[in-house]
Amino acid sequence: MRSRTFAGALRDAGQKCIMVGPSLDYRGDNDEVLFDDWIAVPEWESGAGDARNFVEIARSHGARRAVLDDYRTDESFQEVLRDEGLDWMQHFDASKPNRFWADLIVHGSPSETAERWRPHLLNPHTEMLFGPSYSVLRPEFPPPVLQPDDREVRTILVSFGGGHDQGAILLTLKALFDRTAQNIRFAVMSGSRNPNIPAVQAWIEEHAGDRVTLHVEPKDIAGLFASCDLAILGGGISIYEAAACGLPMVVTALADNQLRQCDAWEKLGAAIFLGRVADLTPELLGDRVVSLIADRPCRAQMTRIGRNAVDGQGARRLADHLLKDRKK
C-alpha cells in the first residue's frame with residue numbers, strides 16, 4: 001500500500017512507475033492506472049544477483065530513479081545500483097543494523113534521527129528524511145471532516161494490521177467489553193488474511209450484540225477511523241492513520257520492528273505503549289484504556305499532537321525530494 005500511494009504521488013508529478021517484485025496475485029484493478037508495468041520476481045536469490053536483475057529492468061524501461069521498499073536490499077544490492085548510477089530512495093527496518101549507499105533514506109517513525117543513522121552512511125551525500133511528516137498515507141487521509149479534540153469516547157477502533165493479529169483482537173474485546181459503559185461501541189478492523197476472523201466473528205455473535213462491528217478490509221478506511229474516538233492498535237501503519245485522524249491511541253508491538261516506533265509515539269505524547277502483544281494482559285489493557293477514557297484533557301492533547309505530526313502530505317514531500325536533480 002505504501003508503494004501504491006507513493007506511485008500515485010509520482011504520477012501526479014508526471015512520472016511513470018513500474019512495480020518490481022510482488023506476485024501478480026497482489027495486483028488490483030487500480031494498479032493498471034498506477035503502474036505502467038508490474039514485473040513479478042518470484043524468488044529472491046542473492047543481493048548482487050537480484051540487484052543486477054533490478055538494474056536491467058530499470059534500464060529496459062529508461063528509469064533513472066528507483067524506490068527500494070524491501071528490507072532485503074542489503075549493502076551488496078545497493079553497491080550494484082551505485083555502480084550503475086541509479087538514484088534511489090530507500091525505506092528500511094530501523095530495528096536491524098543497516099549501511100546505506102542510497103541517495104535518500106526514509107523512515108516515518110518519530111524514533112529515527114540523523115544523529116543515530118549518520119554513522120551508517122557510506123555515501124557522504126545521502127539525504128536523511130525522518131519523522132512522521134514523511135509518512136506515506138493513502139490520499140484519503142486525513143479525511144475532510146474530523147471530530148472535536150475533546151470529544152467523549154463513544155466508539156473504540158480495534159485493529160492489529162491486515163495479517164495475523166496474534167489473538168490481540170479477542171484479548172482486547174474480552175478485556176474491555178465488560179469494563180466499559182454499555183453505550184461505548186467497538187469497531188474491529190482486520191484484513192481477510194487474518195486466520196482468527198472466524199473466532200472473532202463467533203465471539204461477537206455470542207457475546208456482543210450490536211456493540212461490536214467487524215469490518216474486514218473495509219472500503220472507506222479513513223471514514224471508519226474518523227468515526228471513532230479512541231484506537232487500540234498494533235504498531236504498524238495504522239498508527240499514522242490514527243494520528244492523522246486525531247485518534248488517541250493505545251498501542252502494542254506485534255513484531256520487533258514495531259518496538260522503537262511504538263515507544264517513540266508514546267514519548268511524543270500521542271499514544272500509550274503497552275509493550276509486546278505476547279506480554280499483554282487483559283488487566284493491563286483494561287486499566288490503561290479505562291483510565292484514558294476518563295481523562296478527557298489527556299485525550300484532547302493526544303489528538304492535537306497526532307494531527308500536528310501527520311498531515312497526509314508525506315508522499316508529496318518524498319516525491320519532491322526524489323525528483324530533484326543530483327550530481328553523481
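How many of the residues making up the range 198-228 are out of contact with any strand residue (DSSP E or B) (no Cβ under 7 Å at 6 or more places or on another chain) and among the aliphatic types (A, V, I, L, M)?
To start, the set of residues in the range 198-228 that are out of contact with any strand residue (DSSP E or B) (no Cβ under 7 Å at 6 or more places or on another chain) comprises 198-199, 202-203, 205-210, 217, 219-223, 226.
Going one step further and asking which of them are among the aliphatic types (A, V, I, L, M), we end up with 199, 202, 208, 221-222, 226.
Matching residues across the range 198-228 total 6.
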Requested in this report: Please find, within the range 1-51, the residue that is least open to solvent (accessible area, probe 1.4 Å) out of those that are within 24 Å of Glu217 (Cα to Cα), more than 19 Å from the chain's Cα centre (by Cα) and among the polar types (S, T, N, Q).
Outcome: Ser23
Query raised in the report: Can you name the condition, by its number, that Val289 falls short on among (1) under 14 Å from the mean Cα position of the chain (by Cα); (2) outside any strand (DSSP E or B)?
Result: (1)
Query raised in the report: Across the range 192-202, which residue is least open to solvent (accessible area, probe 1.4 Å) among those that are at pLDDT 95 or above and out of contact with any helix residue (DSSP H, G or I) (no Cβ under 6 Å at 6 or more places or on another chain)?
Result: Asn194
Query raised in the report: over 22 Å from the mean Cα position of the chain (by Cα) and open to solvent by less than 70 Å² (accessible area, probe 1.4 Å): does that describe Gly209?
Result: yes
Query raised in the report: Among the listed residues Asp87, Asp69, which satisfies the condition of being under 18 Å from Ser3 (Cα atoms), open to solvent by 20 Å² or more (accessible area, probe 1.4 Å), in contact with a strand residue (DSSP E or B) (Cβ under 6 Å, 6 or more places away or on another chain) and not aromatic (Phe, Trp, Tyr)?
Result: Asp69
Report summary line: Of the conditions (1) out of contact with any Lys or Arg (no Cβ under 6 Å at 6 or more places or on another chain); (2) under 23 Å from Asp150 (Cβ atoms), the single one that Leu274 does not satisfy is (2)
Report task. With the condition kept exactly as written, say whether any residue in the range 112-128 is without any contact (Cβ under 8 Å) to a residue 24 or more places away in the chain, assigned to a helix (DSSP H, G or I) and open to solvent by less than 20 Å² (accessible area, probe 1.4 Å). Result -> yes
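Take the range 173-191 and flag every residue that is open to solvent by 30 Å² or more (accessible area, probe 1.4 Å) and in contact (Cβ under 8 Å) with a residue 40 or more places away in the chain.
Lys174, Arg179 - these are the residues of the range 173-191 that are open to solvent by 30 Å² or more (accessible area, probe 1.4 Å) and in contact (Cβ under 8 Å) with a residue 40 or more places away in the chain.
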Requested in this report: Check the range 248-271 and report whether any residue there is open to solvent by 30 Å² or more (accessible area, probe 1.4 Å), more than 17 Å from Ser95 (Cα to Cα) and either free of Cβ contacts under 8 Å to residues at least 40 places away in the same chain or touching a Cys at 6+ places or on another chain (Cβ under 6 Å) (or both).
Outcome: yes
Report summary line: Here the qualifying pairs (Cβ atoms under 9 Å; residues six or more apart or on different chains; first in the range 152-172 and without any contact (Cβ under 8 Å) to a residue 12 or more places away in the chain; second buried (at least 24 other Cβ atoms within 10 Å of the Cβ)) come out as none
Query raised in the report: Only one of (1) buried (at least 21 other Cβ atoms within 10 Å of the Cβ); (2) under 26 Å from Gly314 (Cβ atoms); (3) in contact with a helix residue (DSSP H, G or I) (Cβ under 7 Å, 6 or more places away or on another chain) fails for Pro218. Which number is that?
Result: (1)
Report task. From the list Ala231, Ala244, pick out the single residue that is open to solvent by less than 20 Å² (accessible area, probe 1.4 Å), touching a strand residue (DSSP E or B) at 6+ places or on another chain (Cβ under 9 Å) and not charged (D, E, K, R). Result -> Ala231
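The values are calculated or read from the model by the stated rules, or taken from the named source; none is laboratory data. Just so it is clear, the structure is predicted and the values come from calculations on it, not from any experiment. As a convention, Cβ positions derive from the backbone with ideal geometry for all residues, glycine included, and neighbour counts pool all protein chains shown. These area figures cover heavy atoms from the full protein model, side chains too; ligands, DNA and RNA do not enter into them. Shrake-Rupley method; radii C 1.70, N 1.55, O 1.52, S 1.80 Å.
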